[in-house]
Amino acid sequence: MIEYYNGDLLESGCDIICHQVNEYGYMGAGLALQIREKFPKAYERYKKLCAKMGREELYGKIFYCDYFDELNNDRTLANCFSQVNGETNYELVKVIAKRLYCMAFDKGYKTIGIPYKYGCGIAKGDWAIVEKIFKDEFEDSDFRLQIWKKENKQ
């Protein structure tokens, strides 16, 4: 099942919060920067992983970090390596979507949250293609894939 929301993905209460990361160990903009600021320990672990592993070893992988939200509920942050040379790679997005599905199934999670236009900002992805990949994986499932669009406050 696919659901669309307006608001802050980081405040969504989803069991898994997913975002695309690069292989360089840098979270400098968008949701990645928000995560870096809100979860500095998770950022440091991600940065060390990138420094330790070769770029090709990271492609298609998900680096999970568990955390507790304000209500002390166990949540998981999924750093999804679906970029190559800083740009969205659709084959890797397919791999990530399948791995997220398997993780949710294995852990008994019900809600998976991704940002609206996952991988389509700085990483230059095409939302029509990325959205279809996630729909193909989750639309007919019992999982609730929530797509969150953060409204700009000006």
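The values are calculated or read from the model by the stated rules, or taken from the named source; none is laboratory data. None of these values were measured; they are calculated from a predicted model. Positions of Cβ are backbone-derived with ideal geometry, glycine not excepted, and every protein chain shown enters the neighbour counts. SASA here: full protein model, heavy atoms, side chains in, ligands and nucleic acids out. Shrake-Rupley method; radii C 1.70, N 1.55, O 1.52, S 1.80 Å.
Can Y46 be described as out of contact with any helix residue (DSSP H, G or I) (no Cβ under 6 Å at 6 or more places or on another chain), crowded, with 17+ Cβ neighbours inside 10 Å, in a loop (DSSP other than H, G, I, E, B) and of a type outside the set (D, E)?
The answer is no for Y46.
Take the residues in segment 1-43 that are under 14 Å from I112 (Cβ atoms) and assigned to a loop (DSSP other than H, G, I, E, B); name whichever of them is most open to solvent (accessible area, probe 1.4 Å).
M1
Residue pairs, Cβ under 6 Å, 6 or more apart or interchain, first in segment 84-113 and closer than 15 Å to H19 by Cβ and in contact (Cβ under 8 Å) with a residue 12 or more places away in the chain, second open to solvent by less than 30 Å² (accessible area, probe 1.4 Å) and assigned to a helix (DSSP H, G or I). List them.
What qualifies is V93/V130; V93/I133; A97/I133; A97/F134; I112/L100; I112/A104; G113/L9.
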